[in-house]
Amino acid sequence: MLETLKAFFSFSDPSIVSVTLGAVLLSASSAVVGTFTFLKKKALVGDAVAHAVLPGICLAFLLAGNKNPLFLLLGAFITGWISLVLIDWITARSKIKEDTAIALILSVFFGIGILLLTRIQHMGNAAQTGLQSFLFGKAAALVGQDLLIFGIVAVLLLCTVALFFKELKLIAFDEAFAQATGLPVRGLNLLLTTLTVLAVVTGIQAVGVVLMAAMLITPAAAARFWTDSVLRMTFIAAFMGAFAGLAGAFVSYAAPSMPTGPWIVMIISIIALFSFFFAPQRGILYRQYQQRKLQRQIMEENVLKELYHLGEKDKGAHKGRTIDDLIKERYFPEKQLRTALLRLRQKGWVERQNGHWKFTEAGQQKGRRVVKLHRLWEAYLSTYLKIAPDHVHEDAETIEHIITPELEAELEHMLDFPERDPHQSKIPY
Amino acid sequence: MDAVYIITTASLFAISCSLLGCFLILRRMAMVGDAISHAVLPGIVIAFLISGSRDSMQMILGAALLGVFTTFLIEFFHKRARLQTDAAIGVTFTWLFALGVILISVYAGQVDLDQECVLYGEIAYVPIDLWIRDGGQIMGPRALYVSGLILLVNILFLSIAYRFLHLTTFDPAYAASIGISIALWNYLLMGAVSMTTVAAFDSVGAILVVALFVVPPATAYLLTDELKTMMGISVLISIGISVLGYYLAVAIDGSIAGAIVSVAGVGFALAFLFSPQNGVLRRKKGSKTASLTFF
């Protein structure tokens, strides 16, 4: 394994260099373009274009009679473009919805492509061999003239995106605003469409028709989990795409029977799945952790609040309470209540004396604050929003855990430190 | 006789697909259907490795489960990771499809599936693959029986599920309020879609089966506003494209499945342009009502 790795990265074999370069360039450029289609929520349109280039390639071959990459590229470009126009047209001019239009154009164009492809194969023309490599890609066989042309297109794509970065960003997020600032929105949309078609046309060289969608969508989807900045997202997507291209090239070097395209997609998908689960801030695990943390905090604050309520009732703020006392005041599942109390003790907010729980000084302050926020909010709702007193409790029950000290100060100020809440309970300061 | 076998098989599959497709496009799940048709590939390969053949009932059921799993995965990414739906679909199906293709190359010697066949199937072989009973009695093409059985299962499913699917499609809030589980019927529908995809896989492949799911119902949708009529028209279109597609393929010597889909595309284009109520060309003439229907 290590030997193969060494041999691969020494790049002593010139064909390794060209294959790797090709795979990296193609993957990175489609990832960059894909970032914008992703942000425009048009990710699947790339899938449609990828299928729609097949009839173009076949027609170009039928007309030219050979596999000149320039001709094939042109043919692919034309039908890819037509497919996008048709999707827009069908969606705009009939009651057919966008997803149906995409699926329809995708499968019909592909069907026509297959019909033409099988027809070409049955003609027995020797020049046609290898035409079906467009179906699954042939990244491992990219050499010479092909590589040069597709390399140039890939660089062209990257430069265009760099040049129009700001404008593309704007139409991805807010077309109406872009229009208002006087940007040529139609022209920019056209540019993005053209870039998408070009990215697809070159990208299917690497991974083939079906998996091309992954090259556009997956790096962008993965990159979205690591940042909120479009510039950084574009770079991360490009880097992930490039890495997958490199790794795919390595796999097909180490195991020549392995298909490069599907491996590139497999690797970029694994990166994406990893991002979905483990990315900070947006990943599934982080979200779950945050949710649990919030739930714990709410539980703890509720326990402190009920301790405070009990103290209010019999004027014994520092009296010890049993678990049963607390449950009688407000229902908690007993097990949860016990663990919450243990956590509170660890934090130094309650103490335990022979089976009775009571506040520490810090805990009492905390409980008092929650009660205060609850009652302040009730006062606010009834004073400013004129909500009946019997309707304000539920809302306050949730918001009391969320109000920040700044908001707290503002509420106090707006209501001018009210004495009592709408239920005539005293607001503790 | 071969022509009759092929056309009948194609029609039966097309009818199954388009009946389910009516609900797919009305629920705006056409691309989910597309995703499922790709994502069942690893299931097919794995079932093939385990059972050693590709027409066992276990295989159809196993791959159907994988289709349901795909639906679940898309929902999971959308809900739990807040990934936008289109991207969730795109990531999920390409990943599973890549896995399927890799599995095919790894077990190339043991799996009788080639990559091209996965994409567009080979319905021309239907008459060759005969079902021969233990006693040596020849019962006719096996795919014919499979397609018939699948259609029967689908009709049975839809006759039970029609009311529920209808409600959850058009008024999910009301359906939920009277205690109909939206998720359950959604997964059942997707299970039926996966099962049909797997069964039709040999004959029409992973991508062209999507055309059978989407194109006839979309064409019918342009011709009527009523669900039952739409299903009826879809059935007629399915038969029509199978017949015409077969003869087109024979005439120009190309893939039959490809030709069927191409004919379906032409049919859609005609409906799109000339449909009495919804056709683009018709609408221009009666411009007043046209603008009303347009917005």
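When the C-alpha to C-alpha distance is required to be over 19 Å, the pairs from A:LYS97/B:LYS79; A:LYS315/A:LYS358; A:LYS42/A:LYS97; A:LYS313/A:LYS358; A:LYS305/A:LYS366; A:LYS335/A:LYS372 that qualify are A:LYS97/B:LYS79; A:LYS335/A:LYS372. The long axis of helix A:14-39 is offset from the longest Cα principal axis of chain A by roughly 50 degrees. For segment A:16-279, the fraction of 1.4 Å probe accessible surface lying on carbon and sulfur atoms is 72 percent. Taking amide H positions as modeled 1.01 Å from N, with prolines and chain starts lacking one, the residues under 5 Å from B:LEU130 and 5 or more places away or on another chain are B:ARG142. Surface burial for B against A, with a 1.4 Å probe and both sides summed, reaches about 5400 Å² of accessible area.
Here the Karplus curve 6.51 cos²θ - 1.76 cosθ + 1.60, taken at θ = phi - 60°, turns the phi angles of segment B:256-269 into couplings of 5, 4, x, 5, 4, 5, 4, 4, 4, x, 5, x, 4, 4 Hz, with x standing for Gly and Pro.
Computed about the Cα centre, the dipole magnitude for segment A:16-279 is approximately 160 debye when only Lys and Arg (+1) and Asp and Glu (-1) carry charge, each at its Cβ. The ratio of the alpha-carbon radius of gyration of segment A:16-279 to the globular-protein estimate 2.2 N^0.38 Å is 0.98.
Does any residue of segment A:216-256 lose at least 30 Å² of accessible area with all protein chains in place compared with its chain alone, and if so which ones (probe 1.4 Å)? At a threshold of 30 Å² (probe 1.4 Å), the residues of segment A:216-256 that become less exposed are A:ILE217, A:PHE225. Probing with 1.4 Å while keeping every protein chain in the model, the per residue accessible area of segment B:1-56 equals 27 Å². Among the residues of segment B:218-252, which ones have their accessible area go down by 40 Å² or more when all the protein chains sit together, as opposed to their chain alone (1.4 Å probe)? Those are B:TYR221, B:ILE252, which lose 40 Å² or more relative to the chain on its own.
Give me the Debye-computed log₁₀ of I(q)/I(0) at q = 0.13, 0.16 Å⁻¹ for segment A:283-429, equal point scatterers on Cα only, no solvent, two decimals. So the normalised log intensities work out to -0.62, -0.91. In this structure, A:ARG287 and B:VAL243 have a Cβ-Cβ separation that, at R0 = 35 Å, corresponds to a calculated FRET efficiency of about 0.05. For peptide A:27-38, the mean count of partner chain Cβ atoms within 10 Å of a residue's Cβ comes to 1.
Remark: segment A:363-428 carries a charge dipole of roughly 280 debye about the Cα centre, counting +1 on each Lys and Arg Cβ and -1 on each Asp and Glu Cβ.
For segment A:16-279, the solvent-accessible area with a 1.4 angstrom probe is 35 square angstrom per residue.
Ordering B:ILE180, B:THR169, A:LEU344 by Cα displacement along the dipole of the protein assembly as shown toward the positive end leaves A:LEU344 in first place; charges were set at the Cβ atoms of Lys, Arg (+1) and Asp, Glu (-1).
For segment A:354-423, run through the trypsin sites (Lys or Arg not before Pro) and keep only the ones in DSSP coil with at most 11 other Cβ atoms within 10 Å of their Cβ. Within segment A:354-423, the qualifying trypsin sites (Lys or Arg not before Pro) (loop, at most 11 other Cβ atoms within 10 Å) are A:LYS386. Normalised by the number of residues in segment A:16-279, the average gap of Cα pairs under 8 Å and 6 or more apart makes the relative contact order 35 percent. Along the axis of the charge dipole computed for the protein assembly as shown (Cβ charges of +1 for Lys and Arg, -1 for Asp and Glu, origin at the Cα centre), the listed residues A:ILE149, A:THR91, A:VAL49 are led at the positive end by A:THR91. A helix-only calculation puts chain A at -25000 deg cm²/dmol for mean residue ellipticity at 222 nm, using -39500 (n - 2.57) for each DSSP H run of at least four residues, averaged over all residues. For the protein assembly as shown, the mean projected area of the C-alpha convex hull, equal to one quarter of the hull surface, is 41.9 nm². Over 23 Å between Cα atoms, which of A:LYS40/A:LYS166; A:LYS138/A:LYS166; A:LYS293/A:LYS319 qualify? Violating the 23 Å limit, Cα to Cα: A:LYS138/A:LYS166; A:LYS293/A:LYS319.
Heavy-atom surface analysis with a 1.4 Å probe gives chain B a carbon and sulfur content of 67 percent of its accessible area.
Taking the accessible area of segment A:360-423, probe 1.4 Å, and keeping the other protein chains in place, the carbon and sulfur fraction comes to 55%. Out of A:GLY283, A:LEU59, A:ILE323, whose Cα points farthest toward the positive end of the dipole of chain A (charges: +1 Lys, Arg; -1 Asp, Glu; placed on Cβ)? Towards the positive end, the residue furthest out is A:ILE323. Counting only protein heavy atoms and a 1.4 Å probe, segment B:188-284 has 31 square angstrom of accessible area per residue. How far is it, in nm, from the label point at B:ALA3 to the one at A:ARG345 when both lie 7 Å from their Cα along the line to the Cβ? Inter-label distance under the simple model: 8.9 nm. In segment A:283-429, Cα pairs under 8 Å separated by at least six residues give a relative contact order of 22 percent. Helical runs assigned H by DSSP (4 residues or longer) give chain B a calculated mean residue ellipticity at 222 nm of -27500 deg cm²/dmol, each run adding -39500 (n - 2.57) before division by the residue total. Counting only Cβ charges, +1 for Lys and Arg and -1 for Asp and Glu, the dipole size of segment A:217-298 around its Cα centre is about 480 debye.
The values are calculated or read from the model by the stated rules, or taken from the named source; none is laboratory data. Source: prediction; values computed, not measured. Glycine also receives a Cβ, built like all others from the backbone with ideal geometry; neighbour counts cover every protein chain displayed. Side chains included, ligands, DNA and RNA excluded: accessible areas come from the protein's heavy atoms. Shrake-Rupley method; radii C 1.70, N 1.55, O 1.52, S 1.80 Å.
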